[in-house]
Amino acid sequence: MTSGPRQRESRPAADATPTAGPRIVFGGVSAGGEIRSGSDDFTVTKTGGGLYSVVPRRPFAAPPSVTATIWGQDWWMADTAHIGAVAADRFLVLTSDSDGNWADRDFCFQAIGPAAPGTPGGSGSEDA
């Protein structure tokens, strides 16, 4: 009998096809929807109270994995950021106050996913 953590070897599925390396889009956004920091390759539209549409300038090859969190000075520990719908070309960030009501909050995010062929970070021409 062995002790200690068990490790599993990660193997690609037999039918897996090679993909381009990951692409990362990230940023900090003010409660008003202004971009404060980040990778300079996305836009943000504030669509309502606590609702923000984030659009990468170049879509991913498939929907990315997205995370977001509240940041800044004007928030409480129970304020939150959630990810709504995610597609290859956009995702929705929802922010709320400590009572669970949609509310404008500063947030930061990162989206990591496969780069589309023909885009920087993807396979093929870099001129697309």
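Exactly one residue among Gly49, Gly33, Gly72 is surrounded by 12 or more Cβ atoms within 10 Å (Cβ to Cβ) and modelled with pLDDT under 95, and that residue is Gly72.
Here the condition is being among the acidic types (Asp, Glu) and modelled with pLDDT of 95 or more; of Asp89, Asp97, it holds for Asp89 alone. Filtering region 94-112 to residues that are farther than 19 Å from Phe42 by Cα and in contact with a His (Cβ under 8 Å, 6 or more places away or on another chain) leaves only Ser96. Against the list (1) out of contact with any Pro (no Cβ under 6 Å at 6 or more places or on another chain); (2) charged (D, E, K, R); (3) modelled with pLDDT of 95 or more, the condition Glu9 fails is (3). So for region 75-85 (the condition being at pLDDT below 95, of a type in the set (Phe, Trp, Tyr) and either within 15 Å of the chain's Cα centre (by Cα) or buried (at least 17 other Cβ atoms within 10 Å of the Cβ) (or both)), does at least one residue qualify? Within region 75-85, one or more residues are at pLDDT below 95, of a type in the set (Phe, Trp, Tyr) and either within 15 Å of the chain's Cα centre (by Cα) or buried (at least 17 other Cβ atoms within 10 Å of the Cβ) (or both).
The values are calculated or read from the model by the stated rules, or taken from the named source; none is laboratory data. None of these values were measured; they are calculated from a predicted model. Note that each Cβ is placed from the backbone with ideal geometry, even for glycine, and that neighbours are counted across all protein chains shown.
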